[in-house]
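Read the structure below first, then the notes.
The values are calculated or read from the model by the stated rules, or taken from the named source; none is laboratory data. No experiment lies behind these values; they were computed from the predicted model shown. Glycine also receives a Cβ, built like all others from the backbone with ideal geometry; neighbour counts cover every protein chain displayed.
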Amino acid sequence: MSNKEKHWQKTKGHMIMTLVLWAFFSMVIFLFGYEINGMSFLGYPLAYYMTAQGSLLAFVIIIFWFANKQEKIDEEFGFGEKED
Amino acid sequence: MFKGGFIQNLPKIYGLYTGGFLVFILMMAIAEQAGVTAKTIGILFVAFTVAIYALIGYLSRTIQVDAYYLAGRQVPTVFNGMATAADWMSGASFVALAGGVYFGGYSYMAFLVGWTGGYVLVSTLLAPYLRKFGCYTVPDFIGTRYGGNGVRFCAVLVLVLASFTYVTAQINATGTIAARALGIPFEAGVWVGLVSILLCSMLGGMRAVTWTQVAQYIVLIVAYLIPVFWISNKIGAGVFPHLMLGDEVARITELEGQFGLVKNSAADVKAAGVPGGLKSIAVAHAGVGAGGMAVWKYISLAICMMVGTASLPHILMRYFTTPSVKSARKSVAWSLFFIFLLYSSAPMLATLSKISLMDPNLPTGIIGKSISDVQSLEWVKQWSSQKQVFIADFNGDGILQLNEWFMRTGVVVLATPEVAGLPYVISGLVAAGGMAAAMSTADGLVLAISNALSHDVYYNMIDPKADVRKRLIVARVLLILTGAAGAYIASMRITSILGAVAWAFDFAMSGLFFPLVLGVWWKRATREGAIAGMLSGLAAGTAYLIYVYPKFLGNPAWLGIDHLRFGLIGAPVCLVVMVVVSLMTKAPDAATQRMVDEVRVPSGKAILGRAH
């Protein structure tokens, strides 16, 4: 496998991992919205908290994590960008 | 003080600007104490901020193509994040989001998850690759990747349909705010709004829009957060509302049980003469509906908004302006961070607004009080006269019940400061924030449409030999025409017929999501597949919309897929048709495959040059 192909393999894996996290916070937990709303976080009912703030915050963190890790993958295969 | 170029000095320039804006707010507060009327303060707020945007627009004028289309590809990560956040948050987000949460509760908040979660798709699937490609517009990517004017034209078609649905609502919002703040008729307000929008975009294209959007973001976030924090502290709900409103949410649930959540019948509402568009609270604030259909309704709405977000051209094109691929990726993260600041505050504002009105222990509480007392409140009188709030004494007991109090959704943002007894200067600030939000989104949309028409239709299809001067003149003429068309439709007051903002997301997702994603992620995708996918997805989605929308054919929704979710029909059709047709046609040639390989590598030159 060429360097480019390896880089793309790893990039794809990282993309899938990120989308799994995304699916968890955007869909999976809301499958159980009714069930988890009895629990509480910071004093808020849990499902209410997640849709009002928790999932939103999770997305912000996921994207920062995604960008940092992808940069490392790029550098590992010598595709890092010099400018900036 | 200002050594080096403009870009190096951005933090200083916008720091000064923010400081200046805060000083302006203070001056207005002092003016209010000194007896300047509320009306004058409102005019000063809107006029002063719009004048600043126009000045930035003028200073960013340009005669270069790459500056006009790409802001010279030198917008730093964090600033592009702010600009995207302003581009993203519309007048509707600013004015109506908290009201939507207030009346719609948990099921409405699927919009919050959808309008933020979509950015994960933008950053993983599209933004970095489109930046590497170096396109000027979204159809520019489709046209080059798949090759040919036919496919380019289809992409322009989807772009115009999705963006135009959205832009009339924005111009409508600028008109409404300008009309109220300046005290002029709505029709005149729309044209004032249009002129302000054009001042920000015409001379400098993307460059001017970028720097005004950053300025508009600062105004709109200050205008949203100050009232939320102030009200929360004033009614003793908590110093930091986002972390401390748990007790208030529980108290609202308790009060809902005490007052009873009653859904008024349409006949009662009509008989009482409640003005159109006003609602009463009938949905639990923090409760979650049980059952499979409730879950599906929530998740399907979130999916439509997420996928739609990742297909909206005016958002994607913001990431063409960063200096590198990695800064495009980071910039998506910053965009979402800046959006999060406002979106996470909307439910808090809804909570504060509801508790202020509902809790009989607070001096502002009105539910359960005598109707004649409530009607003599100053703010109730004023907003009633504008048909924004209404009282209908259904049971005739002279006491205001929860289901007898009606409000328009925008009132939550616009009137809560007054209800909580904040000075008028805050209401003026909120008007300026709403104007900034509506203008910045309208700017981005008008530019997305006119750039597609000037670059893709005019330059690539009609006159590829046109010189730079001619191209930029055409671009500006088209910009004015697009804006004027939007303003004309807005001034006819038929936006309610054109449907919800959500439609733009469904149109974009039906026609553009899979052609864009597969263009990067599937080398085998062919031109014929892309054309067939875009057209069939758009046709299927539109046909279903006509089938299901109450004002058109009004058939019962299939599997709960109503007119807000028609992208769930369009996008799968687009995917299946695109894959099948691609596999039936000849694989893309070696040059195209190499191009896709090149897009997947972040380093190296962009596929399309700076000037093309």
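If you go through segment A:55-69 and pick out every residue that is surrounded by fewer than 23 Cβ atoms within 10 Å (Cβ to Cβ), in contact (Cβ under 8 Å) with a residue 12 or more places away in the chain and either polar (S, T, N, Q) or within 19 Å of residue B:305 (Cβ to Cβ) (or both), you end up with 1.
The single condition among (1) touching a residue at least 24 places away in the same chain (Cβ under 8 Å); (2) over 24 Å from residue B:336 (Cβ atoms) that residue B:110 does not meet is (2). Condition first: out of contact with any His (no Cβ under 6 Å at 6 or more places or on another chain), surrounded by 15 or more Cβ atoms within 10 Å (Cβ to Cβ), more than 14 Å from every other protein chain (Cβ to nearest Cβ) and of a type in the set (S, T, N, Q). Can you find one or more residues in segment B:507-518 that meet it? Yes, segment B:507-518 has at least one match. Among the numbered criteria (1) farther than 27 Å from residue B:383 by Cβ; (2) touching a residue at least 40 places away in the same chain (Cβ under 8 Å); (3) out of contact with any strand residue (DSSP E or B) (no Cβ under 9 Å at 6 or more places or on another chain); (4) within 14 Å of chain A (Cβ to nearest Cβ), which single criterion is violated by residue B:283? The number of the failed condition is (1).
One line per residue, one yes/no per condition, for (1) farther than 20 Å from residue B:309 by Cα; (2) at pLDDT 95 or above; (3) surrounded by fewer than 24 Cβ atoms within 10 Å (Cβ to Cβ):
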| site | (1), (2), (3) |
| --- | --- |
| B:136 | no, no, no |
| B:144 | yes, no, yes |
| B:162 | no, no, no |
| B:169 | no, no, no |
| B:178 | yes, no, no |
| B:186 | yes, no, yes |
| B:203 | yes, no, yes |
| B:218 | yes, yes, yes |
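Residue count for segment A:70-84 under the criterion of being part of a loop (DSSP other than H, G, I, E, B), more than 7 Å from every other protein chain (Cβ to nearest Cβ) and surrounded by 14 or more Cβ atoms within 10 Å (Cβ to Cβ): the result is 1. Identify the residue in segment B:251-280 that is without any contact (Cβ under 8 Å) to a residue 12 or more places away in the chain and closer than 22 Å to residue B:360 by Cα and, among all such residues, is surrounded by the fewest Cβ atoms within 10 Å (Cβ to Cβ). Selected residue: B:257. Of the helices (runs of 4 or more DSSP H) entirely within segment B:1-86, those holding at least 3 residues that are without any contact (Cβ under 8 Å) to a residue 24 or more places away in the chain occupy B:10-33, B:38-59.
Of all residues assigned to segment B:72-87, at least one qualifies as being surrounded by fewer than 23 Cβ atoms within 10 Å (Cβ to Cβ) and small (Gly, Ala, Ser).
Filtered by the rule that a residue be among the hydroxyl-bearing types (Ser, Thr, Tyr) and within 18 Å of residue B:436 (Cα to Cα), segment B:336-368 gives B:343, B:345.
Could we say that residue B:509 is within 24 Å of residue B:542 (Cα to Cα), among the hydrophobic types (A, V, I, L, M, F, W, C) and modelled with pLDDT under 90 here? No: the conditions fail for residue B:509. Considering segment B:465-548, the qualifying helices (runs of 4 or more DSSP H), each wholly inside and each with 3 or more residues that are among the charged types (D, E, K, R) and touching a residue at least 12 places away in the same chain (Cβ under 8 Å), run over B:468-491. Number of residues in segment B:369-406 that are of a type in the set (A, V, I, L, M), closer than 26 Å to residue B:40 by Cα and in contact (Cβ under 8 Å) with a residue 40 or more places away in the chain: the value is 1. Across segment B:117-163, the qualifying residues are those that are outside any helix (DSSP H, G or I) and within 17 Å of residue B:321 (Cβ to Cβ), and the one among them that is nearest to the other protein chains (Cβ to nearest Cβ) is B:134. Restricting attention to segment B:230-240 and to residues that are crowded, with 18+ Cβ neighbours inside 10 Å and modelled with pLDDT of 90 or more, the residue that is nearest to the other protein chains (Cβ to nearest Cβ) turns out to be B:232.
Among residues that are modelled with pLDDT under 95 and surrounded by 24 or more Cβ atoms within 10 Å (Cβ to Cβ), residue B:391 is not included. Taking segment B:42-61 as the range and being surrounded by 18 or more Cβ atoms within 10 Å (Cβ to Cβ), more than 18 Å from residue B:217 (Cα to Cα) and at pLDDT 90 or above as the test, only B:44 passes. Within segment B:92-114, being within 13 Å of chain A (Cβ to nearest Cβ), among the small types (Gly, Ala, Ser) and at negative phi holds for B:98, B:100, B:104, B:107, B:110, B:114. Within segment B:322-374, the set of residues being more than 8 Å from chain A (Cβ to nearest Cβ) and in contact with a Lys or Arg (Cβ under 7 Å, 6 or more places away or on another chain) comprises B:322, B:328, B:355, B:359.
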